[in-house]
Amino acid sequence: MYDLLILGMLMAHDYSGYKLGHVLGEVLVPRRKLSNGVIYPLLDRLEQEGYITSAECEINGRRTKMMHITDAGRERFYELMAQPVAEDAKRADVYRFKFRGFGQIGPDEQKHILDEYCHSIQNDLDHYRHAQTKMVHEAEKYPDQQAHYQWAGNTIVLQIEMCEAQLAWANAQIAAIKAEE
């Protein structure tokens, strides 16, 4: 999953391992941190696989290791961008990483990814709306549990509103891409 973000960042320009780790931390959900014990083995693996190279250089009087994407890394980036996103717990992160790489792909690919995202979010929205309807019927059966059902219902409303906001954002991105064509 992090391969996509790192390769996408390196498509734009070279970065140090420290800077890649810092940006990865900013892109992830707040309070979810990646340690150097995760970043540097990941960079080592990408280098061993031939997707990136590293070279020591001096910046502001300090020695640092700069990462550079290879042709194989560029191909891998495009492969990862084209892969469907699994419907699992990492889905939101993978889409965020793909969106961040949009500057490196064409409008048709951008629209395709956004369409897949919309489909995925619409499925979630349909699920939550169904759950909301079911919750109302359940609440009618148990009038002594109204507080429970009220808060369960409030939580479902939150999920529905988040899905609607995500769909509105994605549709605005699609409209902007189409307007540029």
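The values are calculated or read from the model by the stated rules, or taken from the named source; none is laboratory data. Since we're looking at a predicted model, the values are computed, not measured. When we count neighbours, we look across all protein chains shown, and the Cβ atoms used for this are built from the backbone with ideal geometry, even at glycine. Just the protein is used for accessible areas: all its heavy atoms, side chains included, with ligands, DNA and RNA removed. Shrake-Rupley method; radii C 1.70, N 1.55, O 1.52, S 1.80 Å.
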Give the residue that is farthest from Ala86 (Cα to Cα), with candidates limited to residues of segment 124-155 that are under 33 Å from the mean Cα position of the chain (by Cα) and basic (Lys, Arg). Lys134
Looking across segment 49-68 at residues that are more than 14 Å from Lys19 (Cβ to Cβ) and under 25 Å from the mean Cα position of the chain (by Cα), the single one that is least open to solvent (accessible area, probe 1.4 Å) is Gly50
Check segment 70-92 and report whether any residue there is at pLDDT below 95, out of contact with any Leu (no Cβ under 9 Å at 6 or more places or on another chain) and at positive phi. no
Residues in segment 113-135: is at least one out of contact with any Cys (no Cβ under 8 Å at 6 or more places or on another chain), hydroxyl-bearing (Ser, Thr, Tyr), surrounded by 13 or more Cβ atoms within 10 Å (Cβ to Cβ) and on the phi < 0 side of the Ramachandran plot? yes
Residues of segment 87-103 satisfying the condition of being more than 8 Å from the chain's Cα centre (by Cα), surrounded by 17 or more Cβ atoms within 10 Å (Cβ to Cβ) and part of a helix (DSSP H, G or I): Phe102
Condition first: within 22 Å of Leu125 (Cα to Cα), open to solvent by less than 100 Å² (accessible area, probe 1.4 Å) and either touching a strand residue (DSSP E or B) at 6+ places or on another chain (Cβ under 7 Å) or polar (S, T, N, Q) (or both). Now tell me which residues in segment 140-155 satisfy that. Asn154, Thr155
Working only within segment 69-86, note down all residues that are open to solvent by less than 60 Å² (accessible area, probe 1.4 Å) and of a type in the set (Ser, Thr, Tyr). Thr70
